[in-house]
1. Counting helices only, and only those DSSP H runs with n ≥ 4, report the 222 nm mean residue ellipticity of chain B as the sum of -39,500 (n - 2.57) divided by its residues, in deg cm²/dmol to the nearest 500.
2. Out of every Cα-Cα pair in the range B:156-265, what percent are more than 22 Å apart?
3. On the full set of protein chains, 1.4 Å probe, figure out the accessible area of A:Glu173 and give it in Å² to the nearest 10.
4. If I ignore ligands, DNA and RNA and count only protein heavy atoms, how much of B:Leu23 is accessible to a 1.4 Å probe, in Å² to the nearest 10?
5. Round to the nearest 0.05 the FRET efficiency obtained for A:Lys129 and B:Asn281 when R0 = 25 Å and r is the Cβ-Cβ distance.
6. Amide H neighbours of B:Leu157 under 5 Å, at least 5 residues apart or on other chains, H built in the peptide plane: list them.
7. Accessible area of B:Tyr324, 1.4 Å probe, to the nearest 10 Å²?
8. Can you tell me the mean projection area, over all orientations, of the convex hull of the protein assembly as shown's alpha carbons? Units nm², please.
Amino acid sequence: MKDEIILSVINLTKKYNDLTAVDGISFDVYKGEIFGLLGPNGAGKTTTLEIMETLREKTSGEVLVDGLSVDKDQNQIKKIIGVQLQSAGYYPNLHLNELIELFSGLYNVKTDPKEILGIVDLQEKAESKYKDLSGGQKQRFSICTTLINTPKIIFLDEPTTGLDPQARRNLWELIKQIRENGTTVMLTTHYMDEAEILCDRVGIIDKGKIIIIDTPDNLIDDLINKGFERKKQIKTANLEDVFLNLTGHELRDE
Amino acid sequence: MNLEMNDNYSQIRAMLSLSKASLKALRRNPSAIIFNILFPLIFIIVFGFISEGRFSIEIAFMPGTDMNNVIIKNLKSVNSVKFIENLSGEDMLIELERGRIDAVISINKNADGNSIVLLKTSKASPERGNVFKLLLSDIVDKQNLADSKTEFPKNVLKEEIVEGRKFRTIDFILPGQLGFSLLSSGVFGTAFIFLSLRQTLVIKRFFATPVKKMYIILGESLSRLVFTISSSVIIILIGYFVFGFTLINGIVTFGNMLLLSVIAMIVFFGFGFIVSGIAKNEAAVPAIANLITLPQFLLAGTFFPISNFPEWLQPVSRVLPLTYLNGALRKISFEGAGLFDVKGDIFIMLIWGVVLYAVAVRVFKWE
């Protein structure tokens with residue numbers, strides 16, 4: 001089960017005029033895993049993601065989503081993926097349940113807005129507008145819209161950027177829960193703690209190239225085996241632990 | 001579940017869900033309601049009070065009139081009188097009945113050598129008809145006085161009043177306001193929504209669903225069409241019941257006006273698509289949109305008949321699409337024309353449509 005490939009990127013290249021944003025990368029994502037694409041800003045994460053989401057044309061290479069090619073089967077792919085865009089807005093002046101109805105129509109599926117909002121713990125916000133939500137609630141709603149068509153794989157682009165520690169942990173739990181329900185998750189992040197806690201495997205990308213792909217554990221062990229040592233011995237807690245210990249894990253959305 | 005979805009995916013269903021959502025959003029948007037309904041009504045009220053329609057008196061000469069007669073020369077020196085030419089005698093009388101011209105006169109010498117001035121005025125335009133009668137009799141009297149010094153024949157003025165429907169200011173103002181509200185909704189509304197959907201990446205999120213681009217545009221346009229035509233219904237009904245707007249053939253006229261509004265709206269969407277494509281941000285929309293709507297607001301016969309403008313300006317008016325919408329709406333509402341009778345106006349609007357959409361396809365931006 002773990003070894004069944006759902007997403008295959010083969011020698012993918014994207015050029016904007018002179019700039020090569022993605023430079024011949026290849027990797028596979030397995031069914032049921034959380035795969036993280038890590039890298040600094042401008043490394044090519046979002047471009048790669050958007051090509052997989054059929055939102056951007058590639059220059060060369062091949063991307064197969066559940067065996068479907070992004071060249072020929074764009075519309076079939078759109079039906080089996082869920083997409084959360086970095087900083088995407090939602091139709092103005094609509095309530096969350098109306099937005100869910102809109103997306104249900106766009107996906108041609110029947111949904112119960114209350115039930116689907118319940119998955120991301122927003123049923124009480126059904127009559128609120130997107131713009132009136134807190135940062136964490138906005139991200140949860142964004143993820144909620146990726147689930148409407150019961151996709152095989154969802155793509156999350158920097159889902160926790162800009163959130164406070166409580167909201168980040170809450171979102172991690174949500175993402176794990178989605179995976180538990182059988183959906184593959186592909187995400188990008190530049191937070192290493194997030195990748196370490198959340199991802200089964202990560203690929204590190206820099207200047208358009210994948211440098212390494214492995215589980216977080218293996219990557220850390222390899223580095224230690226090479227004799228790496230932190231300059232300062234790490235304490236068994238960090239400042240974030242202090243912060244959470246003092247302010248609690250409870251969400252501060254409202 | 002997915003298989004079933006793949007086989008039966010309906011773009012129409014997706015489109016309608018977008019239209020439905022968009023309509024809900026529009027109903028919650030106060031500025032859309034203000035622009036579509038309140039503004040036109042305010043203009044109708046304000047202009048209904050400050051102007052009783054046209055400012056000049058328009059007259060025509062029956063064919064066969066002795067154009068060398070000294071009375072005509074004197075008439076031509078009066079500034080507020082306009083002479084309408086190139087009408088057949090029959091058309092003159094029709095126009096007179098409709099109140100579009102205020103008087104028809106003929107001047108001919110009879111067997112005795114007297115000049116007989118025959119004046120026809122209409123109940124459709126009693127005030128201006130009367131003013132003209134006074135003006136004319138004054139000229140005739142002066143001429144008689146001048147002529148009495150010599151042994152010249154006398155000039156005799158005879159008057160005849162034809163029946164006519166009363167053409168009220170509202171009958172002129174309402175179609176103009178209706179036309180203009182269609183134009184501004186088509187330009188401003190369309191430009192704003194597509195620009196904002198693009199900038200806030202709402203449309204990009206739509207692209208990640210199976211709906212095709214064209215159906216996003218169709219869905220959004222359909223909702224704006226429904227919203228604007230509903231506003232038109234409200235404006236016409238308030239005009240009819242509160243201000244005595246003339247719907248000459250009742251419900252048929254009403255239906256024809258709405259059908260024409262739909263055609264015009266689809267044409268005007270073209271302006272909106274272009275503006276949304278060339279505007280860099282939301283602040284640029286009003287500037288560009290005003291460039292399109294304001295000249296038409298002023299020159300397309302929204303408030304005054306284009307015949308009131310200086311002659312060098314009139315050709316400009318005759319190019320603008322709103323001129324033809326306004327003209328056709330008036331012909332339908334007051335004269336009972338059907339859509340076929342205004343096919344010339346519709347044709348010119350459609351030519352505009354073809355040009356606008358050809359440009360829109362080139363400048364419209366998705367991202």
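1. -20000 deg cm²/dmol
2. Details: 2953 of 5995 pairs.
Roughly 49 percent, rounded to a whole number.
3. Estimated to the nearest 10 Å², A:Glu173 gives 110 Å².
4. 40 Å²
5. Values: r = 23 Å, r/R0 = 0.90.
Given R0 = 25 Å and the Cβ-Cβ separation, E is 0.65.
6. Answer set, sorted by chain and number: B:Val117.
7. Surface accessible to solvent at B:Tyr324 totals approximately 40 Å².
8. Values: hull surface 150.1 nm².
So the mean shadow area of the Cα hull is 37.5 nm².
The values are calculated or read from the model by the stated rules, or taken from the named source; none is laboratory data. Note that the coordinates shown come from a computational prediction; the quantities given were computed from them, not determined experimentally. Here the Cβ is made from the backbone with ideal geometry for all residues, glycine too, and neighbour counts use every protein chain on show. Quick note on the areas: whole protein, heavy atoms, side chains included, nothing else; ligands and nucleic acids left out. Shrake-Rupley method; radii C 1.70, N 1.55, O 1.52, S 1.80 Å.
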